[in-house]
């Protein structure tokens, strides 16, 4: 009887640990197969048959439709280049150039993966509508209040994520460095006290 009780307790503990670990990896993500360049992180294998089981569980849990490898890659940033979390009450500057791509989009999401509501109904920019400098570089201000130039409103939310989707691009599984894929810089330039 004692052996049966100890075995039952061990199985309950193992089940709890297994379910807890699975929940943590599907809600917080894993580092398996990630590509990190500056503040940007991508998982190039999520749109392939080679996706790891944790990423597959995260995709299923969130109901995402990942970009296929032949179509492009999606990079996400939740902090600036100095690792400070992106705050919707602060002014954030996304500047520089993007890796080569036929088309790209930069979109603002809340931490639950929903578009951030704002009165302008502007949720992002595309590579075709962005105002650029003569050298092809750009600056996008992500801020709660109106700014001149390329402005993306945050609605004043506390935390958010930026997603940069590159379509028809050579960036992918073989990419490793900033030189292979020059990503835009993310800088916090002003924050109310």
### Message
Using a 10 Å cut-off around each Cβ, can you sort 191, 90 from fewest to most neighbouring Cβ atoms?
### Response
191, 90
### Over region 77-141: Kirkwood hydrodynamic radius from C-alpha pairwise inverse distances, Å
13.4
### Task
Taking the Cβ of each residue in 1, 183, 163 as the centre, tally the other Cβ atoms inside 10 Å and list the residues starting with the fewest.
1, 163, 183
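Rule-based calculations on the coordinates, nothing more; no lab input. All of these numbers come straight from a predicted model, not from anything done at the bench. Glycine also receives a Cβ, built like all others from the backbone with ideal geometry; neighbour counts cover every protein chain displayed.
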